[in-house]
1. Could you list all residues from segment 78-90 that are surrounded by 15 or more Cβ atoms within 10 Å (Cβ to Cβ) and over 24 Å from I50 (Cβ atoms)?
2. For residues in segment 62-75 being at pLDDT 90 or above and surrounded by 13 or more Cβ atoms within 10 Å (Cβ to Cβ), which is nearest to P45 (Cα to Cα)?
3. Of everything in segment 45-81, what is over 18 Å from R2 (Cα atoms), outside any loop (DSSP other than H, G, I, E, B) and polar (S, T, N, Q)? Give them in sequence order.
4. Give segment 152-175 a look and list any residue that's at pLDDT 95 or above, not aliphatic (A, V, I, L, M) and not in a helix (DSSP H, G or I), or say none.
5. Got at least one residue in segment 130-147 being touching a Leu at 6+ places or on another chain (Cβ under 7 Å) and assigned to a strand (DSSP E or B)?
6. Going through R180, R203 one at a time, which residue ends up being buried (at least 20 other Cβ atoms within 10 Å of the Cβ) and either in contact with a Gly (Cβ under 9 Å, 6 or more places away or on another chain) or of a type in the set (D, E, K, R) (or both)?
7. Report, by residue number, each residue of segment 147-174 that is in contact with a helix residue (DSSP H, G or I) (Cβ under 8 Å, 6 or more places away or on another chain) and of a type in the set (S, T, N, Q).
8. Which ones in segment 183-199 are more than 15 Å from F146 (Cα to Cα) and surrounded by fewer than 19 Cβ atoms within 10 Å (Cβ to Cβ)?
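The values are calculated or read from the model by the stated rules, or taken from the named source; none is laboratory data. Not measured: the values here are computed from a predicted model. Note that each Cβ is placed from the backbone with ideal geometry, even for glycine, and that neighbours are counted across all protein chains shown.
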Amino acid sequence: MRLIYRMSYTIADPAFPKPLSSRMPFNINVVYAVPKPDGGDCASPARGWIPDALLASPRERAQWLTAGPLDRKRLVLKQIEVNAQIVRFPSGQETEFGGQAAYVMRVFRADTNSGALKLSPKPLENTPDVARLKSDSALRARLADFLRANTTKIDRGVFVVPDEFLATKAISFSTFGSARLANHPYAQLFSDKDFASVTFDRRRQGRCSNASTTPHAWVATSPMRRRDFISSASTMPRHPRSIFSKSQSRRTFTPTPRG
C-alpha cells in the first residue's frame, strides 16, 4: 500500500489579504507491506478495502478506513521513496531547453526492529549505477549477459535487475526529459553490438520496423523514471520499454549539471 504526499507551504503575511501558499516539487511515497493472513492469500487483504455497507458521510468513511484497511496494526512500513526537485533554471537563464530542472530520486529501507525507525539507502529498481558500471567492465559485461538472457521477461514487463548493478540515487533532468541522455542510463552503458545476437521476431511489446536493422532501435532506453510516483524505481510497473524501445530516434542532448 502506498501513501503519496506532495509537500506544500502556507505563509500568512500581513502585507497580503490572503495567505500565500503553493505546492512544492517534492513528493514522498510511504510504502507499507500488507501481510497475508496465516493460510490466506492476497484476495483477503484486497477484500478488506470493500466496506460491508454504504458509508454516506466523510466521517464514516474516515472511521472505517482507520479501523480497517489503514489500521496501523495491520501494516508494516517497508520503505520511503523521495522524488524532489533540487535545482531549477528559468527559461530566461537556460534558453536552449526553455528552462531546466533536476530531480533526485532515492529509496530508503525502513527498519523498526529496534523499536525506533531507522532508514537506510536502498537500490533503485531497474536503475543501473552508470558511473560504477562504466568503471567496471566485468560488472558491465555481467549486466549485458543478464539482459540478453532475460529478453522474454523484459518483453513481458516482469524483469528485475539484480541489486549488484543498481544505483541508490538517480538524477533526472527536464525539460524534454525523454530526449535527455542523462535520463537514459542504459544508452550510456551499451551500444548496438552488445545486443546484436538478440532477435525480436516473437516479442509481444517489441517489433522492429525494419527487418534489415540490428537491435539498434531496441538498445538502452531509460528505466521507468518515477517522475511522479504514479509510474517509479519500485512504484512503477516494470514495462519492457524500460530497457528496449520501439523508437529508432535516439536524440542525445547532454545536459550540464549545475548547482
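1. Answer for segment 78-90, where residues must be surrounded by 15 or more Cβ atoms within 10 Å (Cβ to Cβ) and over 24 Å from I50 (Cβ atoms): Q79, I80, E81, V82, N83, A84, Q85, R88, F89.
2. Filtering first and then ranking leaves P69.
3. Listed by number, the list holds a single entry, Q63.
4. P162, T168, K169
5. no
6. Values: R203 fails: buried (at least 20 other Cβ atoms within 10 Å of the Cβ).
From the options R180, R203, the qualifying one is R180.
7. Selection gives S172 alone.
8. Of the residues in segment 183-199, the ones more than 15 Å from F146 (Cα to Cα) are 183-185, 187-188, 191-193, 199.
Scanning segment 183-199 gives A187, Q188, S191, D192, K193, T199.
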